[in-house]
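In what follows, a structure is listed as C-alpha cells, so that the remarks can point back to it.
Nothing in this text is a laboratory measurement; each read-out follows from the coordinates by a stated rule. Remember, predicted model here, so these are calculated numbers, not experimental data. A quick note on method: Cβ atoms are made from the backbone with ideal geometry, for glycine too, and the neighbour counts reach across all protein chains shown.
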Amino acid sequence: MIILDTKGQAHGERRGFSEQQEPPLFGATAIVSAAALKERFAPTDTDSLAHTGVSLTVDDDLSDMAGYFPHLAMVELVFSQFKDGRPFSTAVVLRRDFEFKGAILAAGDFLPDQALFLLRAGFSAFVVPEQFTAKQFKSALLAYSVAYQPGLGGAPDLLKTLRDPPTAVAAG
Amino acid sequence: MYTYDTLDKALLNQRVAEFREQVKRRIAGELTEDQFKPLRLMNGLYLQTHAYMLRVAVPYGTLSSDQMRKFAYIARTYDRGYGHFTTRQNIQFNWIELGSTPDILYDLSEVDLHAIQTSGNCIRNVTADPFAGAAADELDDPRVWSEIIRQWSTLHPEFSFLPRKFKIAVTGADADRAAIKFHDIGLKIVRNDAGDLGFQVFVGGGQGRTPFVAPLIRPFLPAKDILRYLDAALRVYNQHGRRDNIYKARIKILVDSLGADQFSLDVEREFEKLDPDLLAVNEKEVERIRDMFALPYLRPDTDAQAGLEQAMEQSNPLRRWCETNTEVHKVPGYAIATVSLKPVGGIPGDATADQMDTVADLADRYSLGEIRVTYTQNLVLPHVRVADLPLLWAALDQISLATANAGLVTDIIACPGLDYCTLANARSIPLAQRISERFADLDAQHNIGPLDIRISGCINACGHHHAGHIGILGVDKKGVELYQLTLGGQGNRDSAIGKILGPGFDEDGIIGAVENVIATYLNMRTIGETFSETLQRKGHSPFKERLYDHT
Ligand code: SF4
C-alpha cells in the first residue's frame, strides 16, 4: 500500500504489514508488534532500535514501552476504525511525553478527510487505505490553508495558524 | 456581535468548497452512502424519516437580524417555508434535497453561519446564556469565551473523533440560563478573592439514559488557561472514554466511574504537562472579540417604567406579556423580551419564514439588530427600550408570536419525536400540542405560575425531560407507545434530575396525568408557592397517590 508523507509525496510502500521493510521505511528495516518489541529488544539495544519501527494498536499501552521510544526509528499507529480517534492523542503524547523524535506513520482505517488532522496532530506520513486513492488524500491535504489551532506535537507548520502567537493574558 | 475576519472566512469558504465536492462525488456514485455518511454528518446533514435534515448552528445562541433573514430565505427557498429551533440553540431544516446542501451552506457562509460540528462525535456548538450581554446579573459576557472556544474547537485535529459528542456551555450569571451542569463541560464565569476573572469548571453532566448533574472539578481556573484546561480534559477523555458501548461513551460515564476527584487529578496532571504558553489565551484576541460584543452606549431611562405602567393599565394582555415575557436589563429603561415560539396548539420551536423575517425587522427596530435563541426553543430580543415594549408586543401579536407564556405550563420543550426522528419511540410534538391546547386559557396558566414541561420521544432526552419540573419520556413497551412521567427536575442553578413517578401512560392517559399533577399542586400550594416549591415541601407521594389511585 502506498505511503504518502505530509506533503503528499509518495514515500515507498507498506507491503501487507510485513515485518521486513525493503527499502527501509523512515529508517526502519523492520516493523514489529509491541509484544515482539519487548520480547526481542531491551531499551538499551539502541543500535538495533535505531533501525526498528513498532506497530501499535489502539489498545497498546505506551507507558509499557516508555524506555524504547527515544531510540526507535518509527512508530506506526493503527486505526482500528476511522471513528476511533485515540491515535490522534497517542501521536501528541508520543512526541511530548515519550521523547519520540522519529516518524509517526498512520495505518489502518481512516478517511482522506482526516489527512489534515493526521498531519496536524504530529503524524509524519500515512499508509493510504486500500479503498481510497493517493489522489483523494493529496487533494484532502490541500483542502484548507488555515487552522485555528497551533500544529500539535511538532507537526510541520504547513498551515498558517490564525492570528498572533499567544502572549500572556490579563483579561477582565 | 462577532463578525468573521478574512481568516475566519477563508476557513469557512474552504469548508463549503470541500463539501460541494463531496456531494458531487456522492451524486455521481463515486462515494457510497456508507462512505458519504460520516462526511455529511460532519456538516450537520442527517437522513431522517422522510428526507434529509440540515442542522445549522446558532453560535452560542446569538443571531444578527441579517442572519435571521438568511434562515427565512433558506426556509423559503430550499425547505417548506419554515424552520425548527432545537433544544440546543440550533435550527433544523427538515425537508432538504441533497443536491441543494452545498448551495445552502454557501448562502449561510455569506452571513458567517455554518453547520460545522452540529453532529458527529466532536465538540458541538457551544451553548451560552441567551441573555448574555444584557442580563443584570451577569459578571462577564459568556459569548466572548464561547467564541474563543468555538475557534479552538473548530476542526480540531485531535478532538474531532471523540468517543461521543461533546457539549460545552458557558454562563456569566448566577441564574444559569444555559443549564451548564447538564453539559459535558459547564463553565461558570467567576472572580476569585483577588478579583481575577476565571471559571468554575463542571465536568460530566448530561441527560440521556444515565443522567448526571456535573460535579465541580476545578473551583477556579484563570481565564487565560481555559483552552489549556479544555485541551487537558479532552485528551483524558479521548484516551480513556469508553468506545465499546455507545451508551457508556459520554464523558459523564468516565467521570462517574473514576470518581470526580480522580478525574480531576488526571486532568490536572495532563494540564501540568502542557506548555502554559502554547494555548494561553491571547490578550489582544480577547479584546478584539470583546470589542465586537460590546454594547453601544445606552442612555438609562428611569422614567420608562412609569410610562409602561400606564400602557399596561389600558391593556391586560400587554400586562400579562410584560409580566411573563420580559426580564430586567442591565441598563435601566431597557428590557429583555422573550418571543414565544409556543403558540397554543403550535409546534414548539417552529417558525415560518415570514415570522423570521418580521422578527429580524423588529430586532432592527427595537433591539439593536440582535436576536437570541434559547434552548427552551424560544427567541429573545435582548435590548428593547421599556418604552417600546407596547409597540413590540403589538407587532409580535400580529404574527402570532406574542403568546404570554414564557416559563408557564404551555412553554413546553419537545424534541421532534416520532414525526421526524428515526430513533423515536413515541410522538412528542402532538403531545405538546394537546397539553398546550388543554391549558390554553392564559388566566389559568398565569394562575398555575412557573412550570416547566419537557417531552422527549426516547431516552436520548433531546427534549431535556430529566430537567423538567414535569418530564415526559416516550418509551416503547412491546410495540406500544407509552409515556413515563418524572417530577422534580430543574435545569437552572439548582440543577436536579426528575424522579419517575410510576408506570407509564398511553397518550390519553398522560394528558390526564399531567392534569392531575397540576390539580394536586393547586390543591396543596400555599399562597405564592410555585410548583417546584410545593413539590419540594410535600415530596412525590401526594402526586403518586393521586395519579395511581385515580387513573
Ligand atoms: S429524544 Fe429521541 S426521539 Fe427525540 S429527537 Fe432525540 S433521539 Fe429523536
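The table that follows gives values for the structure above.
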quantity	calculated
³J(HN,Hα), Karplus 6.51/-1.76/1.60, whole Hz, each residue of the stretch B:465-479, x for Gly, Pro	4, 4, 9, x, 4, 10, x, 10, 10, x, 10, 10, 9, 6, x
Selection from B:Ala178, B:Val203, B:Phe166 lying farthest towards where the dipole of the stretch B:135-292 points positive, charges on Cβ	B:Phe166
Options A:Leu49, A:Gly122, B:Cys462, ranked by Cα towards positive dipole end of the protein assembly as shown, top entry (Cβ charges)	A:Leu49
Relative contact order (%) - criterion: Cα under 8 Å, at least six apart; region: the stretch B:42-96	41
Whichever aspartates and glutamates have a C-alpha closer than 16 Å to that of B:Lys165, once near sequence neighbours (fewer than 8 apart) are set aside	A:Asp84, B:Asp184, B:Asp231, B:Asp244
Qualifying chymotrypsin sites (Phe, Trp or Tyr not before Pro) for the stretch B:317-421 [loop in DSSP, other Cβ within 10 Å: at most 11]	none
Relative contact order (%) - chain B, alpha-carbon pairs under 8 angstrom, separation at least six	13
Loop trypsin sites (Lys or Arg not before Pro), the stretch B:17-103, which have at most 16 other Cβ atoms in a 10 Å radius of their Cβ (DSSP)	B:Arg80
Distance cut-off 19 Å, percentage of C-alpha pairs in the stretch B:1-138 lying past it	51
Local electrostatic count, A:Val54, Cβ distance below 9 Å [Lys/Arg +1, Asp/Glu -1]	-2
C-alpha long axis of helix A:86-97 to longest principal axis of chain A, angle in °	90
Long-range HN-HN contacts of B:Gly44 with modeled amide H, under 5 Å	B:Gln117, B:Thr118, B:Ser119
Three-way shape call for the stretch A:2-141 based on the alpha-carbon gyration tensor, with the a/c threshold at 1.5	prolate
Within the protein assembly as shown: Cβ-based charge dipole about Cα centre, in debye rounded to nearest 20 (Lys, Arg +1; Asp, Glu -1)	880
Charge-dipole axis of the protein assembly as shown as Lys and Arg at +1 and Asp and Glu at -1 on Cβ define it, positive-most pick from B:Phe131, B:Asn13, A:Phe137	A:Phe137
Most mobile of A:Gln149, A:Gln20, A:Gln131 in a GNM of chain A (Cα contacts under 10 Å)	A:Gln131
Chain B - charge dipole about Cα centre, Lys and Arg +1 at Cβ, Asp and Glu -1, debye rounded to 20	1460
The stretch B:6-109, relative contact order in percent, only Cα pairs under 8 angstrom and at least six apart counted	31
Net charge of Cβ neighbours under 9 Å - reference B:Ala136; Lys, Arg +1; Asp, Glu -1	-2
Check: the stretch B:247-357 dipole with +1 on Lys, Arg Cβ and -1 on Asp, Glu Cβ, in debye	340
Residue among A:Gly151, A:Gly12, A:Gly85 with the largest mean-square fluctuation in a Gaussian network model of chain A, springs linking Cα atoms under 10 Å	A:Gly85
Lysines with Cα under 22 Å of B:Lys167, excluding same-chain neighbours fewer than 8 positions away	A:Lys83, B:Lys37, B:Lys181, B:Lys188, B:Lys224, B:Lys248, B:Lys252
Overall dimensions of the protein assembly as shown as given by Cα atoms, namely Rg and Dmax in Å	27.0, 92
Under 24 Å from the Cα of B:Lys342 - lysines, other chains or at least 8 residues apart	B:Lys70
Exposed-loop-free span, longest in chain A, where GluC sites (Glu not before Pro) count as exposed if DSSP calls them loop and at most 12 other C-beta atoms lie within 10 Å	A:1-98
For chain A, built as a Gaussian network whose Cα springs stay under 10 Å, the top-fluctuating residue of A:Leu25, A:Leu152, A:Leu142	A:Leu142
Cut-off 12 Å between beta-carbons: net charge of the residues surrounding B:Pro542, Lys and Arg +1, Asp and Glu -1	+3
Under-5 Å amide H pairs with B:Ile217, H placed in peptide plane, nonlocal only	B:Val201, B:Phe202, B:Val203
Note, ³J(HN,Hα) from phi for the stretch B:262-271, Karplus 6.51, -1.76, 1.60, rounded to Hz, x at Gly and Pro	5, 4, 4, 4, 4, 5, 4, 4, 5, 4
Under 5 Å, built H, 5+ apart or other chain: amide partners of A:Phe132	none
Calculated over chain B: convex hull of Cα atoms, volume per residue (Å³)	158
